Structure formats: C-alpha cells, structure tokens
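In what follows, a structure is listed as structure tokens, so that the remarks can point back to it.
The values are calculated or read from the model by the stated rules, or taken from the named source; none is laboratory data. These numbers come from a predicted model, not from an experiment. Here the Cβ positions follow ideal geometry from the backbone for every residue, glycine too, while neighbour counts run over all protein chains shown.
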Amino acid sequence: LQRILSCIERHEPTLRAPFRAALGNVRAITRGPKSGKALRELGTKSDIAAEVPTTEGVIAVLRSLDLRGRCVAVQLYGTEPNRPLIDFLGTAGAEVAIVAPYVYADAADDQAVRTLLAQLGAGGIDAIAFTSSAQVERLIAVASEEAARAALRATSV
C-alpha cells in the first residue's frame, strides 16, 4: 500500500486523502502480514486476514462469511487466473469482478480496468483485495484518465 500511495503522489496527489478515507469504508481482505501492516500505517485495518498467506489461507477465512449476493473484486497476480479462489467465491454465491491491472498488460486489458473502476464508482463492489503493489500501480495508471479518476474518487477502495 505504501507503493500505492507513492504512485498516487506521483500521478494524482489529490487522490491521496480520498483513497485513505475510502480504505476505511470497505471490507479489506489481506493475504499476508505486509498488507496488514501497510493498512495499519494508513490508519485503517484489515477486516479479514488469512492466517496462512496463501490462496488456501484466504479461502479458509472466507469460508465463515456469507458471500451470497456480495460483489468481491479479485485482482490477479499477473494474468494467470486464481481458479481456486475464483471458483470458491462463485460457489459461495459471490459475484466476482476480476481484473489483472499490471503494468505489462497490453492496452486491450485497459478496458477490464476501466470496467472495474466504473463498478467501483457506481458502488457495485463491496470489497476489493489488493495482493501486490503492481496491481494498484496499474489501476492508478489507468485511473489517470479523467473519467476513471472521477469514478475512483466516488468509490470506497
């Protein structure tokens, strides 16, 4: 998350305060201790933390939640789908929004990021999990476009 804030500072400093405030308005799911620590440094917390920092660990903590009808955004590491997590969320009744917002994604993938930003701006995402700083950097890079920036300002991230 510190890299996220650095990226915001570099590309759109006016988003820093709204981003920090928005983090407190959504359920934050963390996979490992680094992301939990970063949230605490921002004055918020992880609502759900995997005891084991793996996909299986995330699934284990999510099993206790009623996810039916909830929209859960999953940012993938690279472009490889995390089938176990996606399948679990689907089986649990969640609507899954998938995006792989990496710097090395091609321009065709920009639309997937724009779609996620639109869903965030419309309040259609109940939770979003960031599993790497590169994901956030990609999100911010696409959000630097005016319409996407407005959507990001209007959402809880």
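Do we have any residue at all in the stretch 55-72 that's in a loop (DSSP other than H, G, I, E, B) and closer than 13 Å to residue 130 by Cα? Before the answer, list the steps.
Going residue by residue through the stretch 55-72, those that are in a loop (DSSP other than H, G, I, E, B) are 63-70.
Retained after the next criterion (residues that are closer than 13 Å to residue 130 by Cα): none.
For the stretch 55-72, residues in a loop (DSSP other than H, G, I, E, B) and closer than 13 Å to residue 130 by Cα: absent.
For the stretch 110-133, what are the residues that are modelled with pLDDT under 70 and over 17 Å from residue 16 (Cα atoms)?
Selection gives 131, 132.
Can we say residue 147 is of a type outside the set (Val, Ile, Thr), over 11 Å from the mean Cα position of the chain (by Cα) and modelled with pLDDT under 70?
Spelling it out, residue 147 is indeed of a type outside the set (Val, Ile, Thr), over 11 Å from the mean Cα position of the chain (by Cα) and modelled with pLDDT under 70.
Under the condition of being among the β-branched types (Val, Ile, Thr) and not in a loop (DSSP other than H, G, I, E, B), which residue from the stretch 96-109 is modelled with the lowest pLDDT? Explain how you work it out, then say what you get.
Start the filter on the stretch 96-109 by keeping residues that are among the β-branched types (Val, Ile, Thr), which leaves 96, 98-99, 103.
From what is left, the residues that are not in a loop (DSSP other than H, G, I, E, B) are 96, 98-99.
Details: 96: 92, 98: 81, 99: 64.
Per the criteria, the residue is 99.
Would you point out which residue out of 78, 93 is within 24 Å of residue 57 (Cβ to Cβ), at pLDDT 80 or above and in a loop (DSSP other than H, G, I, E, B)?
Of 78, 93, the one residue that is within 24 Å of residue 57 (Cβ to Cβ), at pLDDT 80 or above and in a loop (DSSP other than H, G, I, E, B) is 93.
Counting just the residues of the stretch 65-75 that are of a type outside the set (A, V, I, L, M, F, W, C) and at pLDDT 80 or above, which one comes out surrounded by the most Cβ atoms within 10 Å (Cβ to Cβ)?
Only one residue tops the list, namely 70.
Examine the stretch 29-37 for a residue that is under 19 Å from residue 116 (Cβ atoms) and at pLDDT below 80, and state whether such a residue exists.
Yes, the stretch 29-37 contains a residue that is under 19 Å from residue 116 (Cβ atoms) and at pLDDT below 80.
Here's a check for you: in the stretch 20-46, which residue that is touching a residue at least 24 places away in the same chain (Cβ under 8 Å) and charged (D, E, K, R) is surrounded by the most Cβ atoms within 10 Å (Cβ to Cβ)?
My answer is 31.
Could you list, in sequence order, all residues of the stretch 1-25 that are part of a loop (DSSP other than H, G, I, E, B) and within 18 Å of residue 135 (Cα to Cα)?
1, 12 - these are the residues of the stretch 1-25 that are part of a loop (DSSP other than H, G, I, E, B) and within 18 Å of residue 135 (Cα to Cα).
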